[in-house]
1. Which residue, of Leu97, Leu88, is away from the ligand (no atom under 16 Å from the Cβ) and within 18 Å of the chain's Cα centre (by Cα)?
2. Six or more apart or on different chains, Cβ under 6 Å: which pairs go from a residue in segment 362-376 that's under 9 Å from Val299 (Cβ atoms) to one that's of a type outside the set (D, E, K, R)? Could you list them?
3. Within segment 20-66, track down each residue that is of a type in the set (Asp, Glu), in contact with a helix residue (DSSP H, G or I) (Cβ under 9 Å, 6 or more places away or on another chain) and farther than 25 Å from Asn141 by Cα.
4. Could you tell me whether any residue of segment 209-226 is among the aromatic types (Phe, Trp, Tyr) and touching a helix residue (DSSP H, G or I) at 6+ places or on another chain (Cβ under 8 Å)?
5. Right, Thr83: at pLDDT 90 or above and touching a Phe, Trp or Tyr at 6+ places or on another chain (Cβ under 6 Å) or not?
6. Let me confirm something: among Asp255, Asp224, which residue is surrounded by fewer than 16 Cβ atoms within 10 Å (Cβ to Cβ), within 16 Å of the ligand (Cβ to nearest atom) and part of a loop (DSSP other than H, G, I, E, B)?
7. Please go through segment 118-168 and pick out each residue that is modelled with pLDDT under 85, of a type in the set (Gly, Ala, Ser) and over 24 Å from Pro217 (Cα atoms).
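The values are calculated or read from the model by the stated rules, or taken from the named source; none is laboratory data. Since we're looking at a predicted model, the values are computed, not measured. Here Cβ is always computed from backbone atoms with ideal geometry, including for glycine, and neighbour counts include all displayed protein chains.
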Amino acid sequence: MSRHSTRKRQVHLAAHFPGVNNTTVWSDPASGSHIDPDSFVHFAQTAERGKFDFLFLAEGLRLREHAGRIYDLDVVGRPDTFTILAALAGVTTHLGLTGTINSTFNEPYEVARQFATLDHLSEGRAAWNVVTSWDAFTGENFRRGGFLAAEQRYERARSFLDTAFELFDSWRGDEVLADQATGQFLRAPGPGAFEHHDAHFDIAGHTTVPRSPQGRPVIFQAGDSEEGREFAAQHADAIFSRHGTLEEGRPFYADVKARLAKYGRERDELLVLPAATFVLGDTDAEAEELAREVRRAQVSGATAIVFLEQVWNRDLSAYDPDGPLPDVDPVVGEELISKGRASVRMYRDPLATAKAWRERAQAEGLSIRELMIEQTARQTFVGSPTTVADQIEHLVEAEAADGFILVPHITPAGLDPFVDRVVPILQERGVHRTDYEGTTLREHLGLRPLPVPSLLTTTVGAAGVSA
Ligand SMILES: Cc1cc2nc3c(=O)[nH]c(=O)nc-3n(C[C@H](O)[C@H](O)[C@H](O)COP(=O)(O)O)c2cc1C
């Protein structure tokens, strides 16, 4: 039974700070800085004004390259997650703060301390999107230049998360007595003791941060593979997905929810929150027209060639973006042109992709740019505020999603029209809160509080906690 059985199915809304991808139309006169603190503050406070569940930050650990050049938007779009979220904790009161943090290149001890600290600073609003990316190119930035083969990434992620949970649970929450009369600070010696030994981590000690308001951050997952979905079903509280349409969303939603029972979990313990874009107009026709303009701004002629080169894996700069697709086939094998891009890996069979794209371009009479607009510039919600509210409500009703993580194409003010014009309609319909009912992100998401680890289970070796 749904946790909202007495009222209409609630729509969860969140906001993704944009920047690094060509969804962002930085050339628009309304666009502002992607690094200025005021941009983050404006965006976060707008999301909070709309009573959103949380703000979301993606992460990239190496500036991507294309044909030997740094990809421009990365330069301003990848500041440090924890620093930004900590600053935003100070200028918001209820908004959840979700950071994407990698389990391949980090260490659980550091990450657990950082999230526990953020959860304290924000009084229970922290969330961690556990990502498993990526490759040797990114690994060059890190200690020992390390990276993991694809098949080992989720193995390490599982171990990473298990270890982090042990660290979070190494404090029960009542260890600090601070009795000024007797001078006794700790109730018992040795709080926060942990010990973890496996193929990936061989660590022991005491966690430095006492138990945080939520016990641990809310856990997100954003991988799409079989392993990624299984990882989410076992461990995550929410999934950030790519499947924001009715056709793609419903099977994905059914698939991941069906995996939960195996882990003794209920359907409402894992929320499915696809990324979504939106274009609003006074009328549907006006929005459609604006959406066409936005798509063309997102995929300029030069951007279209870059997209094509990601699949073709060869220099196509001599091709006219307003002309037909190349006759030559993609180069299969090592990535020669694009480095560090997730989208390159999405096209696992470049020859088949090239064939399908040529066929489509020929059948529909599309130029390179027109085809790339069709293939890449996906717009989830387009219409008047009422139409967009209808679309959102319908997708949630139809179990294609539990809500959406909105990515505006203008930074930082692109979220304002949604909050000003769509949110009131959803509120009026009783599917989105008019005010926060709780204070923690778990509460906003409708997740049950975590059990506090019992005395017995936190006892570790001689340093274990005792009453
Ligand atoms: C919607 C979505 C957003 C993602 N965002 C990020 C990101 O910001 N940073 C990152 O390093 N990886 C990101 N990823 C990558 C995944 O977390 C994961 O590491 C990668 O997709 C490989 O896992 P898979 O094989 O299960 O898909 C994202 C994936 C998806 C589906």
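1. Leu88
2. Arg369/Gly301; Arg369/Ala304; Arg369/Pro321; Met372/Val299; Met372/Ala304; Met372/Phe307; Ile373/Val299; Thr376/Phe307
3. Hits for segment 20-66 are Asp28, Asp53.
4. Checked against the condition, which is being among the aromatic types (Phe, Trp, Tyr) and touching a helix residue (DSSP H, G or I) at 6+ places or on another chain (Cβ under 8 Å), segment 209-226 yields no hits at all.
5. The answer is no for Thr83.
6. Going through Asp255, Asp224 in turn, the sole match is Asp224.
7. Ala136, Gly145, Gly146, Ala149, Ala150
Table: residues versus (1) hydroxyl-bearing (Ser, Thr, Tyr); (2) farther than 21 Å from Ile219 by Cα; (3) in the same structural domain as Tyr253 (by TED's automatic domain parsing).
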residue	(1), (2), (3)
Phe404	no, no, yes
Ile410	no, yes, yes
Gly414	no, yes, yes
Val419	no, yes, yes
Val422	no, yes, yes
Arg429	no, yes, yes
Tyr436	yes, no, yes
Leu441	no, no, yes
